[in-house]
Every structure is written in C-alpha cells, then in structure tokens.
C-alpha cells in the first residue's frame, strides 16, 4: 500500500487501529485506532469508541537525535505521557519503531535503513525496558518490504531479518512478555514473509503485522483477486495467505495483528500509485462505515487475527484526498458514520451473518465414466458442478495431464463431451476435471480408466435403448448404444434415419410401399444421443437407429414407430 509520505513524515506516527473490547465475542478480532503523536485526543477517542488498541509510531531519530542512549527530553516526555495515559485507560499499545538518527546514517532522511542492526535492536530494547508491561506489541520498522519506507538500499528480506533478530533480542531481554511483530508488512505480503523464514527469522517474532489500508483501495473487504492461484496481497482477505505461510513453518498458532486497516472516505480521484487518475481515491462516507462493519465480520471468522486497527481515528488534514479522509472523525471534529459503526462493533461485536467472500470451491459431480469403464478409441464424459455462492466460470478436461477441452457452464448444468482417444496408449488413463468459479476457486475430480484393444477382445453384442417424444411437429429421438454385459465404451458412429412409409410404384393395379429415408444424421456411439427432427408430412413414420459394429462389437438396430396425422 502506498501512502502520502509527507503526511507520514508530518505525523511521525502513522497507524493506530481500532481494537475490539471485552464485550465482543471472544473469537472476534479486537479493535483499535491510530492516534498521531501530536493528537492529545487519541486516548479520549479510544475511550469514547470503546476500542482496545491504540497504535502509533515511535521514531529513533526523534527520541535519540544526538547519541545512542541519550533521549531528547521533550520527545521522550511526550511519549512517556502517552504511554502512561494509555495504561491508565487500560488500552493495549502497539508501537512501531522506525527511523534512523543522522548520527548513524549521515543523512537527514530518517527513513534510511539502519546500517547497524544491533544499534537499532539496542534502542528497541531500551524502549521496551522503559515501558515494560505497558506496551503489548512492538512493530519493527514500517513496511520495510517496500521502498516507500525503506530508503538507502533496496528492500531486502535478509537485511530486514537482521533488524528483526536484533530487535527481538533487545526487546525480549527487557520485557519477556512483550510481543514482537514481524512487520508491519505492506498489504498481506506473504511472499516477503516466506523470504524472512528463508533468511532464518522464524524464531525472532511472536506475531506477524500487516497493513491492509491500501491507497486508493475501493474494493469491499469480502472481494478479492488471485495472483498465481493465491489471494492477492492487496486483498483484505489476503491475510489467509499470510497465515498459510506461517502454518507451513510451524507457526500456525501465532497471531496476525492487522495494525492498519481502513478505507478512505475521499470522493476525489486517485492521485498517486499505479492507479493515479484511473479510479476513485476513496469510497465515500456511507461505504466507509459499511466496509468497517463488513471488515470486522470478515475478521471474526479467524481466531488467529489478534486485532484489526483502523487507520485512523481522526483525519490528519483538511483535503479531499485519500490520505486525509481515513478518519472516523473529520478534520473539523465532527463524526462520520464510521464512528458509530466502530462503537457498535466494540460494544456488541459482529452482528452480520453469512460468509465473507466467495472462498468455497464449487461442488463437482463426475457422472460418467466410472473407474470400471473401459474404452478404446472414444470416451464419453458427463459432469456437472454447482457453486452455492456465485456463478461458475469454466470446466476443463484433462487426459493424462493434457488439457483436451475447456468450456463455460451454468450452475447445475450437465456438460457432456466425447473425446477421440485413438492416439492414447493402452492401459491406465487418468481423466481429470477441473472446475473454477468466478472467484477462481477450484475443485477437481479424477478417475483412472483402462484403455483396451478391442481387436484383442472376444466378440460382444450391442443393443440400443430408445425413447421418442413429440412437441407439435417436432419429434425427438433419444437413446444410447451399450455393450451387453460390459463396461466397454463403444467406438464408431450411430446412424439415425427418419423414414416414411411411402408409395414405391403401382404393380398389377396395386400400390407398392417401402420405407424411404427422408432425414439422417450420425452421432458418436460412445455416449447418449438426442436428435430432434421437424416432420410436417402426414403418414406412417419410423426412427431407425443402427450401428454397423466396430471390431468385436456386433451390429445393432432399433426402431421407434410413429404416425403423423
């Protein structure tokens, strides 16, 4: 997520988030807000809202501007007062340590990455000792996975892992009960987290901290996109992928702290980032409130989410820009609808029902073939799928790992395909069906079949089953050819002829009649067939299905008679 850098530099505190209070269901995520370092109302706002958490930045460059271990009197006094008042109000604090002093970096850019990870870790340890028991969570740098906040060198999981390890050591030595977070990360950056594990940082954090208040983000909490078959990192629900990475490394019991979440109420156009000028900067005030309630509903289903903290409690500026309109309170001090929504969540918990996001895959039913099916040069496949939460997108068919067909389908629609399998080798053949819904959720089913050489088998009889239906002048013949006493799929073609009992000639003064074919059509013998024919001429008619045999499969004929009046 991108945020206006000048805004963050001015506030030196970025993100405080709303946390759920004790009245909320135990499984629900706690709530919280962002309070600027210069905002004396942050704790009063948290009390009025009933939230549990307050989150803010603390800058090493500001607190120790001249030398290591030498706090600036005014700055540390302000932070002391903030921590003391938060503790008195029984609020949980999440502090994000960021910033490199000029005496270490040689530059006034406090976002320059620390060249000495140990020195940074020692500073974090000094703060943890000073506020032991009163700060519940420590974030290590802000969004170190992107260049917006990690200056001087390209963002690097290896470099950040060193910073995280040093900070974990310093903080835990000073306050063993304090939580040390990996991150905050930009969006749900599960790929960077995977790199941190690869860099050996797995034992150096107690939770993972993520930011989902994407700049110019206007999609609802329940909507998402896929990136390489995983929920995209800038989707709100992408925290699922973060937890997947954690679980894969044995950290499934650790928490995720969403220390920034939110949607801007701005009604202007996006002015920065990849979407500049192409989309709205925010969602307006009504949707902001609705998305807040929906977001906590989404979080309620995941007990590993520790808290969702709203960015931010109050607007930091008066402009109709995305960065200035995240607040629950407007710049002039009046409350947005999102304020009341947060109060309700904090007091009563999530009241919404139903799923958050279409995350369930479709249900797939492979009707034919079965594992007992044997085939030679043709294979008939019949499948259906249903998605309870939305439309289907595609059904794909694979034979021995090679895609042989893809088609769209409606919910519950039966899809039938017949494949030429003459070039497949004899023996075991794997048929796989993959079904995707509109959100790219996938279900698959497969069956192992046996391809046989019909020429090497004994003679087998075949037979038809036919049915005939009428609708006005249209006649519909449906049927199927089967091999008697066998699961072998027939090869070849079935021919359907519509024949009229017509006069052939006059002989000895008497009319002579014969069955004359008026219409004919061929269908694959591998599966069921259905043919509709419009017949306007009156008289005696019949529908004849015939099969001339293929290899050891014998011939078959079946007739359905009808009269057109």
Query raised in the report: Can you find a residue in region 119-126 that is modelled with pLDDT under 95 and in contact with a helix residue (DSSP H, G or I) (Cβ under 8 Å, 6 or more places away or on another chain)?
Result: no
Query raised in the report: From 390, 357, 327, which residue is loosely packed, with under 15 Cβ neighbours inside 10 Å and in a loop (DSSP other than H, G, I, E, B)?
Result: 390
Requested in this report: Report whether or not residue 121 is outside any loop (DSSP other than H, G, I, E, B), farther than 20 Å from residue 306 by Cα and in the same structural domain as residue 254 (by TED's automatic domain parsing).
Outcome: yes
Query raised in the report: Does region 153-162 contain any residue that is surrounded by 22 or more Cβ atoms within 10 Å (Cβ to Cβ) and in a strand (DSSP E or B)?
Result: no
Query raised in the report: Regarding residue 217, is this residue within 13 Å of the chain's Cα centre (by Cα) and crowded, with 17+ Cβ neighbours inside 10 Å?
Result: no
Query raised in the report: Counting only residues that are over 29 Å from residue 555 (Cα atoms) and without any contact (Cβ under 8 Å) to a residue 60 or more places away in the chain, how many does region 513-538 have?
Result: 2
Report summary line: The one condition residue 262 fails out of (1) touching a residue at least 60 places away in the same chain (Cβ under 8 Å); (2) more than 22 Å from residue 216 (Cβ to Cβ) is (2)
Requested in this report: May I ask you to list pairs of residues, at least six apart or on different chains, whose Cβ atoms are under 8 Å apart, with the first in region 125-138 being at positive phi and the second being at pLDDT 95 or above?
Outcome: 133/175; 133/177
Query raised in the report: In region 342-354, what residues are under 26 Å from the mean Cα position of the chain (by Cα) and surrounded by 16 or more Cβ atoms within 10 Å (Cβ to Cβ)?
Result: 342, 345, 349, 350
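Wholly within region 402-472, which strands (runs of 3 or more DSSP E) include no fewer than the required count, namely at least 2 residues that are in contact (Cβ under 8 Å) with a residue 60 or more places away in the chain and crowded, with 17+ Cβ neighbours inside 10 Å?
Details: elements: 402-407, 414-420, 427-437, 442-451, 462-471.
Because the criterion is at least 2 residues that are in contact (Cβ under 8 Å) with a residue 60 or more places away in the chain and crowded, with 17+ Cβ neighbours inside 10 Å, the strands (runs of 3 or more DSSP E) in region 402-472 that meet it are 427-437, 442-451, 462-471.
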Report task. Determine which single condition residue 171 fails, assuming it passes every other condition in (1) surrounded by fewer than 22 Cβ atoms within 10 Å (Cβ to Cβ); (2) under 22 Å from residue 82 (Cβ atoms); (3) touching a helix residue (DSSP H, G or I) at 6+ places or on another chain (Cβ under 7 Å). Result -> (1)
Query raised in the report: Does at least one position in region 429-436 carry a residue that is modelled with pLDDT of 95 or more, under 28 Å from residue 549 (Cβ atoms) and either in the same structural domain as residue 529 (by TED's automatic domain parsing) or under 34 Å from the mean Cα position of the chain (by Cα) (or both)?
Result: yes
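The values are calculated or read from the model by the stated rules, or taken from the named source; none is laboratory data. Because the structure is a prediction, the values reported are computed rather than measured. Note: ideal-geometry Cβ built from the backbone for every residue, glycine included; neighbour counts use all protein chains shown.
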